[in-house]
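The values are calculated or read from the model by the stated rules, or taken from the named source; none is laboratory data. Remember, it's a predicted structure, so these values are computed and weren't measured experimentally. Positions of Cβ are generated from backbone atoms using ideal geometry, with glycine treated the same way; all protein chains shown enter the neighbour counts. Keep in mind that these areas ignore ligands, DNA and RNA; they rest on the heavy atoms of the full protein, side chains included. Shrake-Rupley method; radii C 1.70, N 1.55, O 1.52, S 1.80 Å.
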Amino acid sequence: MSDIRVKICGLRDRAAVEAAARAGAAYVGFVFFPRSPRSVDLAQAAELAAGVPVGMARVALTVDAEDAALEALVETVPLDMLQLHGNEPPDRVARLRARFGLPVMKAVGVADEADLPALQEYARVADQVLVDAKAPKGAVLPGGNGLSFDWRMIAGRRWPVPWMLAGGLTPENVAEAIRLTGARQVDVSSGVESAPGVKDAVRMARFVKAAG
């Protein structure tokens, strides 16, 4: 397995989970956001998560979810981490981390230098931060849009918790993204798909190999 930890997000079927495992991904992500083409329901996710090989972290991506929805999610799906991908303020991140007893990764959208201080703020309350490309104004999805940001903005920057690079990564550009940012963890979704929500086993394998 690569010494760069790869998260493949937006898995919707057993074949994709198995392909991610064969590729050597360290994390698999399940999306709980109905407007996303990658969204799964609780029953689907519970079945998929139960089949994830030991050693791969199972991550649930939610967007400004209410407490009741999160409660049902945690009770139904075996998980290793929550990923908060909405506008959750730092105090809510801290509360959810304490309430559910699961590590929390907070996604922070970056478009320019003004967005960087938020990473430090969230790093104080989350277990990990996901440095993602900021969604365009009016976008339906908060992530998974296939967009990147100027990776040079975070070159050499470090935060007090582990961090993961996301946003527009593909098998073709992930090595350069790692070189420019020093990332030790990377997250991919649309970059390893043949169509929205349809993961491509060959692209997943190429991505993990290129990241390594």
(request) Being at pLDDT 95 or above and of a type in the set (Lys, Arg) is the filter; apply it to the stretch 29-75 and report the residue that is farthest from the chain's Cα centre (by Cα). (result) Arg38
(request) Give the stretch 68-89 a look and list any residue that's assigned to a helix (DSSP H, G or I) and of a type in the set (S, T, N, Q), or say none. (result) Thr76
(message) Under 9 Å between Cβ atoms, which residue pairs at least 6 apart in sequence (or on different chains) link something in the stretch 182-193 that is of a type in the set (Val, Ile, Thr) with a partner that is surrounded by fewer than 22 Cβ atoms within 10 Å (Cβ to Cβ) and part of a strand (DSSP E or B)?
(response) Val186/Arg5; Val186/Met164
(request) Only residues in the stretch 42-58 that are surrounded by 11 or more Cβ atoms within 10 Å (Cβ to Cβ) count as the first member; pair them with residues that are assigned to a loop (DSSP other than H, G, I, E, B), Cβ under 6 angstrom, at least 6 apart or cross-chain, and list the lot. (result) Ala45/Val77; Ala46/Val77; Ala49/Val77; Ala49/Pro78; Ala57/Asp80; Arg58/Val52; Arg58/Leu79; Arg58/Asp80
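Rundown of residues vs (1) open to solvent by 30 Å² or more (accessible area, probe 1.4 Å); (2) assigned to a loop (DSSP other than H, G, I, E, B); (3) within 18 Å of Ala155 (Cα to Cα); (4) touching a strand residue (DSSP E or B) at 6+ places or on another chain (Cβ under 6 Å), yes/no style:
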position: Asp91; (1), (2), (3), (4): yes, no, no, no
position: Arg99; (1), (2), (3), (4): yes, no, no, no
position: Lys106; (1), (2), (3), (4): no, no, no, yes
position: Val125; (1), (2), (3), (4): yes, yes, no, no
(request) Test Pro53 against the stated conditions and say whether it is out of contact with any strand residue (DSSP E or B) (no Cβ under 8 Å at 6 or more places or on another chain), within 21 Å of Pro196 (Cβ to Cβ) and not charged (D, E, K, R). (result) no
(request) Just name the residue that is surrounded by the fewest Cβ atoms within 10 Å (Cβ to Cβ) out of those in the stretch 175-206 that are within 15 Å of the chain's Cα centre (by Cα) and among the hydrophobic types (A, V, I, L, M, F, W, C). (result) Ala183
(request) Identify, by number, the condition in (1) open to solvent by 60 Å² or more (accessible area, probe 1.4 Å); (2) without any contact (Cβ under 8 Å) to a residue 40 or more places away in the chain; (3) farther than 19 Å from Ala166 by Cα that Ala21 doesn't meet. (result) (1)
(request) Would you be able to tell me the number of residues in the stretch 151-175 that are outside any loop (DSSP other than H, G, I, E, B) and within 18 Å of Ile8 (Cα to Cα)? (result) 5
